[in-house]
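These notes are about the structure you will find just below.
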Amino acid sequence: MDTGKHFFTTLEALRGIAAIMVMFLHTGGTLGPTPVNISYLAVDLFFLLSGVVLANSYERQLATGQISPAGFLLQRIIRLYPVYLLSLPVGLVSYAIQFGFDYLTLAGLLLRAVLFIPNAGTGGAFPLNGPSWSLFFELWAGVLFSVLLVRLSSRILLAVALGTAAITLYGALGGNFDIGHQAGFFGFGFSRILFSFSLGICLRRLYKLRRPNALNRGNTIGIFLCGCLIVITNIPASTFYGFPYFDLFICSVIFPAIVWVAMRTRQTGLIGLAFRWLGIISYPIYILHAPIFELLHLLRQKGFDLPASPAAGMVVVIAIIIMAGIVAIHFDEPVRKKLKTMTAPRPASELPAGAS
């Protein structure tokens with residue numbers, strides 16, 4: 001039976017490249033005096049890809065009742081939590097070094113982090129792992145997707161995308177789209193994810209409706225698209241700061257165009273393997289890198305003689321990429337497999353006599 005699902009290898013590569021670009025944004029100066037760029041928009045690409053991938057994997061199941069909203073949310077928790085929880089001890093040590101070893105405060109922060117309750121105090125909304133703010137919104141978008149967005153027509157979804165784009169643009173006036181994680185702009189995180197996430201669902205529906213043929217030279221096109229993403233995210237942020245319409249153009253036109261072309265490509269051989277590998281390591285890179293760089297930065301401030309050269313920074317970057325692969329294969333996948341087995345519905349033949 002055709003489930004309608006597809007595996008888009010180039011989307012995996014784009015997700016990996018985006019995670020690496022975000023990591024470079026958070027290196028804390030260890031790579032030298034590099035200018036701040038617009039790789040914060042990689043998060044908007046993540047949101048767009050989430051819309052495509054979740055619609056591809058779950059929209060039909062949710063629409064037909066094969067999976068309930070609660071069951072879907074459980075799958076999202078299983079997908080996101082293991083590596084996220086692995087990152088929290090590093091963030092806890094960093095916070096303690098910076099603000100002191102107040103065990104009651106640390107316990108409260110850890111509990112809030114585990115429950116994804118934003119922090120209103122020192123250190124930002126999610127002080128133990130800064131980039132996890134996007135996971136908070138990913139989980140809420142998943143809830144909305146399973147109970148509401150999946151039931152909306154494509155026209156209404158497009159209207160949702162346009163409306164939330166306008167709200168995000170309003171929040172970004174005088175600056176850029178790097179909002180949603182700050183205390184004063186936290187509410188705009190909802191509009192920011194709904195904008196790109198809704199567009200992603202529309203793209204997946206359009207692909208299913210049109211069923212376009214795969215493009216020739218998929219390896220070459222896939223590499224070109226990855227190169228485009230690298231070039232775009234390396235544009236200096238100061239170039240268009242105060243003109244958020246540029247960010248709007250990237251998120252509403254350029255990123256959807258890249259994703260649409262990517263969905264029409266297929267990769268083979270070593271390129272296909274490399275693209276799949278980028279997808280595998282993308283999430284561990286994204287969620288583990290910031291606490292590590294923050295800890296190294298704080299240790300230097302406390303007088304530890306740690307190298308702070310571009311070469312040393314690249315060593316850390318390469319080490320995180322290698323560690324991400326190890327975590328993905330030897331921790332994340334086995335843990336998620338075990339959790340899925342534990343939470344899978346038991347066949348009727350295995351239920352105790354008299355159970356209903």
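Could you list all residues from region 159-188 that are over 19 Å from G242 (Cβ atoms) and either in contact with a strand residue (DSSP E or B) (Cβ under 7 Å, 6 or more places away or on another chain) or in a loop (DSSP other than H, G, I, E, B) (or both)?
H181, F186, G187
Out of curiosity, is V93 in a helix (DSSP H, G or I), out of contact with any strand residue (DSSP E or B) (no Cβ under 7 Å at 6 or more places or on another chain), open to solvent by less than 20 Å² (accessible area, probe 1.4 Å) and not acidic (D, E)? If you could, list the steps in order and put the result at the bottom.
Working: in a helix (DSSP H, G or I): yes; out of contact with any strand residue (DSSP E or B) (no Cβ under 7 Å at 6 or more places or on another chain): yes; open to solvent by less than 20 Å² (accessible area, probe 1.4 Å): no; not acidic (D, E): yes.
No; evaluated as a whole, the condition is false for this residue.
Looking at (1) more than 20 Å from I201 (Cβ to Cβ); (2) open to solvent by 50 Å² or more (accessible area, probe 1.4 Å); (3) assigned to a helix (DSSP H, G or I), which is the only condition I117 fails?
Going through (1) more than 20 Å from I201 (Cβ to Cβ); (2) open to solvent by 50 Å² or more (accessible area, probe 1.4 Å); (3) assigned to a helix (DSSP H, G or I) one by one, I117 breaks only (3).
This table checks each residue for (1) surrounded by fewer than 21 Cβ atoms within 10 Å (Cβ to Cβ); (2) modelled with pLDDT of 95 or more; (3) of a type in the set (S, T, Y); (4) out of contact with any helix residue (DSSP H, G or I) (no Cβ under 8 Å at 6 or more places or on another chain).
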| site | (1), (2), (3), (4) |
| --- | --- |
| L14 | no, yes, no, no |
| T30 | no, no, yes, no |
| F46 | no, yes, no, no |
| A63 | yes, no, no, no |
| L74 | yes, yes, no, no |
| L80 | yes, yes, no, no |
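Show the residue pairs meeting these rules: Cβ distance below 8 Å; 6+ apart or different chains; first residue within region 196-213 and under 17 Å from F46 (Cβ atoms); second residue surrounded by fewer than 20 Cβ atoms within 10 Å (Cβ to Cβ) and aromatic (F, W, Y).
L203/W260
Could you say which residue among N176, N129, N219 is more than 28 Å from A262 (Cα to Cα), modelled with pLDDT of 95 or more and polar (S, T, N, Q)?
Values: N176 fails: more than 28 Å from A262 (Cα to Cα); N219 fails: more than 28 Å from A262 (Cα to Cα).
After ruling out the rest, the residue left standing is N129.
Starting from region 309-323, keep only residues that are farther than 16 Å from S282 by Cβ, then list their pairs with residues that are in a helix (DSSP H, G or I) whose Cβ atoms are within a distance under 8 Å, requiring at least 6 positions of separation or different chains.
V316/I292; V316/F293; V316/L296
Looking at the structure I just gave you, is L54 under 13 Å from the mean Cα position of the chain (by Cα), buried (at least 23 other Cβ atoms within 10 Å of the Cβ) and of a type outside the set (S, T, Y)?
On the way: under 13 Å from the mean Cα position of the chain (by Cα): yes; buried (at least 23 other Cβ atoms within 10 Å of the Cβ): yes; of a type outside the set (S, T, Y): yes.
Answer is yes for this residue.
To keep it simple, each residue is scored yes or no on (1) under 22 Å from the mean Cα position of the chain (by Cα); (2) assigned to a helix (DSSP H, G or I); (3) closer than 20 Å to R205 by Cα.
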{"residue": "L31", "(1), (2), (3)": "no, no, no"}
{"residue": "T34", "(1), (2), (3)": "no, no, no"}
{"residue": "F47", "(1), (2), (3)": "yes, yes, yes"}
{"residue": "R76", "(1), (2), (3)": "yes, yes, no"}
{"residue": "S87", "(1), (2), (3)": "yes, yes, no"}
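I'd like the residue in region 133-175 that is of a type in the set (D, E, K, R) and either loosely packed, with under 15 Cβ neighbours inside 10 Å or free of Cβ contacts under 8 Å to residues at least 24 places away in the same chain (or both) and, out of all such residues, is farthest from L248 (Cα to Cα).
R151
Across region 323-346, what is the total count of residues that are surrounded by 11 or more Cβ atoms within 10 Å (Cβ to Cβ) and within 21 Å of A274 (Cα to Cα)?
Result for region 323-346: 10.
What pairs come up if the first residue lies in region 40-64 and is without any contact (Cβ under 8 Å) to a residue 60 or more places away in the chain and more than 18 Å from T9 (Cβ to Cβ), the second is open to solvent by less than 30 Å² (accessible area, probe 1.4 Å) and among the hydrophobic types (A, V, I, L, M, F, W, C), and their beta carbons are under 6 Å apart, counting only those six or more places apart or on different chains?
Correct list of pairs: Q61/I67.
Restricting to region 141-164, name every residue that is touching a Phe, Trp or Tyr at 6+ places or on another chain (Cβ under 7 Å) and either modelled with pLDDT under 95 or among the hydrophobic types (A, V, I, L, M, F, W, C) (or both).
If the condition is that a residue be touching a Phe, Trp or Tyr at 6+ places or on another chain (Cβ under 7 Å) and either modelled with pLDDT under 95 or among the hydrophobic types (A, V, I, L, M, F, W, C) (or both), then A141, A161 are the ones that fit.
Where residues in region 32-44 are among the hydrophobic types (A, V, I, L, M, F, W, C) and buried (at least 17 other Cβ atoms within 10 Å of the Cβ), which of them is nearest to I318 (Cα to Cα)?
That would be A42.
A quick yes/no check of all residues on (1) under 15 Å from L14 (Cβ atoms); (2) of a type outside the set (V, I, T); (3) out of contact with any Phe, Trp or Tyr (no Cβ under 7 Å at 6 or more places or on another chain):
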site	(1), (2), (3)
G187	no, yes, yes
F190	no, yes, no
S198	no, yes, yes
I201	no, no, yes
R205	no, yes, yes
L209	no, yes, yes
L215	no, yes, yes
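Would you confirm whether or not region 230-253 contains a residue that is under 19 Å from the mean Cα position of the chain (by Cα), more than 19 Å from V43 (Cβ to Cβ) and open to solvent by 10 Å² or more (accessible area, probe 1.4 Å)?
Within region 230-253, none of the residues are under 19 Å from the mean Cα position of the chain (by Cα), more than 19 Å from V43 (Cβ to Cβ) and open to solvent by 10 Å² or more (accessible area, probe 1.4 Å).
Out of curiosity, is V315 modelled with pLDDT under 95, assigned to a helix (DSSP H, G or I) and open to solvent by 60 Å² or more (accessible area, probe 1.4 Å)?
Yes; evaluated as a whole, the condition is true for this residue.
The values are calculated or read from the model by the stated rules, or taken from the named source; none is laboratory data. All of these numbers come straight from a predicted model, not from anything done at the bench. Quick reminder, even Gly has a Cβ in these numbers, built from the backbone with ideal geometry, and neighbours come from all protein chains shown. To get the accessible areas, we keep the full protein, side chains included, count just its heavy atoms, and leave off ligands, DNA and RNA. Shrake-Rupley method; radii C 1.70, N 1.55, O 1.52, S 1.80 Å.
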